[in-house]
Amino acid sequence: MQRKEIAGVGIGKIVTGAIIIALALGVTIFYLFYTGRFGGGTKLKLTSPTHVGYEYSHLAADNNIVSDYLFGRTKKLIVAKGGDGILAATSYTIEGRLVTQEAENSGIYGLSDQALLLKCYIRAGDRANAVALKEEVVKRFRLPDGTYRAFVYSDPARLEDVVSVSASMDWLDAMMEYYVSYGSEGDYKEIRTMVGNLFDSEGKVVTEKISVAKYVESLYVSLEDTSIYDEDDEGSMEQLYGTLTGDSDSLEVENNEISEEVEGVLLSNINLRLIRDLENNGLIAAGAYEKALEAVKNGFTGAGYSFYAYATAGAMDCGAYLYSGQSTGTIDIAQNVKTMRNLAEVGELDSSSYAEFKGQVMNTGRIYTEFVLMTGNYSGREAVSAYSDGLMIAYYQGDTDLYNKLSDTLGKRVATKSSSPAIYMIFREENDRYVFYARENLSARLATS
């Protein structure tokens with residue numbers, strides 16, 4: 001009798017244990033099928049995503065930028081109200097003081113903004129929203145050839161197949177991060193397709209049509225043509241770049257700006273950390289990272305100036321550079337700061353470039369849109385979109401003073417009124433209305449968490 005009881009207990013435990021094991025195995029197999037990794041998926045090893053940590057996020061919070069609250073409100077305003085519940089609208093304008101000034105969203109969804117949102121979801125561990133966003137982007141942005149639209153619109157009748165290397169590179173970067181966290185083998189194949197569209201067989205970033213402003217004469221110069229000039233020569237910048245500084249025979253010609261489209265590569269699109277990861281995982285040709293790094297570093301102006309070129313005037317490694325962007329005789333500071341961030345992320349930022357940037361921010365508390373070569377002064381509007389890149393440069397350089405200064409400036413743009421639907425978010429004031437941009441809020445989230 002005793003043996004039967006003991007045996008019965010033993011059999012019961014065995015059955016219970018077998019059921020538990022079977023359930024666990026079933027859940028595991030379901031998960032592997034669900035994620036597309038049954039039988040083993042392609043493994044990628046990437047540079048760990050940047051988390052600034054407590055010291056830096058605390059500095060931001062002391063300046064009104066409370067990262068978690070900012071992201072929470074951004075999801076409510078930019079995605080739930082301003083977007084379609086999945087995609088982030090480029091901007092959202094809250095109600096104005098007048099009855100006729102209703103809240104409105106832009107009705108525009110940018111690929112780069114979705115890339116930022118996807119990264120925010122991944123780093124918050126929000127798998128459900130990350131998967132939903134990725135699938136919606138593939139559904140609405142992807143073109144038959146595997147390229148991606150730069151923008152889609154809430155108006156279904158408005159379709160534009162405009163493709164931007166900048167936006168596509170942002171999405172590829174986000175998809176790499178997505179794949180190692182939640183992706184399937186199908187996502188890996190999609191990554192390979194994107195890589196094939198963005199890089200040539202040698203691993204160089206492909207060229208695209210770049211619109212630049214110029215005087216009648218040429219605005220770019222081959223590096224070979226500059227070798228006879230000494231970098232310390234104060235006058236050499238004007239000698240090298242000629243009409244870039246407004247040099248001309250008459251005032252009439254000097255003011256004659258035209259817009260020209262050239263084939264080239266924006267230096268800010270050369271994401272060095274991403275290219276290094278792609279090469280290390282065999283997704284682009286060996287040596288691609290060194291070529292990219294050389295192309296960016298060779299675009300450094302020198303000649304008494306501490307900026308990087310706007311773009312190459314041809315293939316990534318052609319050796320010729322465009323130094324002005326949308327305005328002749330100026331350096332586009334927002335693009336320059338983005339290029340600096342790419343270099344700082346891999347520990348290759350020129351020290352004089354960093355010193356110039358820090359000195360300007362510490363002295364004025366601002367990042368302006370332009371640097372005028374002829375006068376040697378910063379001018380234009382405040383480059384609000386560049387502050388998050390500036391925060392990341394400060395973090396990579398281990399500079400808490402600069403990070404705090406930039407946080408102080410950006411923090412003055414944070415909505416603090418308790419009754420505001422956009423409290424904790426970063427705003428711009430445009431035409432007496434408060435506008436909240438996805439890019440500025442999502443990039444600030446990533447730079448402060």
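Observations
- Tabulated pairs, the stretch 152-163, first farther than 19 Å from Gly82 by Cα, second surrounded by 11 or more Cβ atoms within 10 Å (Cβ to Cβ) and among the hydroxyl-bearing types (Ser, Thr, Tyr), C-beta under 8 angstrom, 6+ apart or interchain: Leu159/Tyr153; Glu160/Tyr153; Val163/Thr147; Val163/Tyr148
- With respect to the conditions (1) modelled with pLDDT under 95; (2) open to solvent by less than 30 Å² (accessible area, probe 1.4 Å); (3) under 30 Å from Leu77 (Cα atoms), Val131 lacks only one, and its number is (1).
- Test: Ser112 is within 17 Å of the chain's Cα centre (by Cα), open to solvent by less than 50 Å² (accessible area, probe 1.4 Å) and more than 16 Å from Ser443 (Cα to Cα): no
- Filtered residue count, the stretch 378-426, keeping only those that are farther than 21 Å from Leu349 by Cα and surrounded by fewer than 18 Cβ atoms within 10 Å (Cβ to Cβ): 13
- Restricting attention to the stretch 79-130, the residues being under 22 Å from Met169 (Cβ atoms) and either free of Cβ contacts under 8 Å to residues at least 40 places away in the same chain or in a helix (DSSP H, G or I) (or both) number 14.
- Residue within the stretch 306-329 that is in a helix (DSSP H, G or I) and in contact (Cβ under 8 Å) with a residue 24 or more places away in the chain present: no
- Members of the stretch 152-196 that are open to solvent by 60 Å² or more (accessible area, probe 1.4 Å) and over 18 Å from Lys139 (Cα atoms): Val180
- In the stretch 408-421, the residues that are polar (S, T, N, Q) and closer than 13 Å to Ile367 by Cβ: Thr409
- With a requirement of 2 or more residues that are basic (Lys, Arg) and at pLDDT 70 or above, the helices (runs of 4 or more DSSP H) lying completely within the stretch 160-243 that satisfy it span 185-198.
- Among residues of the stretch 334-377, those that are farther than 15 Å from Ile393 by Cα, open to solvent by less than 60 Å² (accessible area, probe 1.4 Å) and aromatic (Phe, Trp, Tyr), counted: 1
- One residue stands out in the stretch 398-436 among those that are on the phi > 0 side of the Ramachandran plot and in contact (Cβ under 8 Å) with a residue 12 or more places away in the chain: the one that is farthest from the chain's Cα centre (by Cα), namely Asp432.
The values are calculated or read from the model by the stated rules, or taken from the named source; none is laboratory data. Keep in mind that what you see is a predicted model, and the values were worked out from it rather than measured. When we count neighbours, we look across all protein chains shown, and the Cβ atoms used for this are built from the backbone with ideal geometry, even at glycine. What goes into the accessible areas is simple: the full protein's heavy atoms, side chains included, and nothing from ligands, DNA or RNA. Shrake-Rupley method; radii C 1.70, N 1.55, O 1.52, S 1.80 Å.
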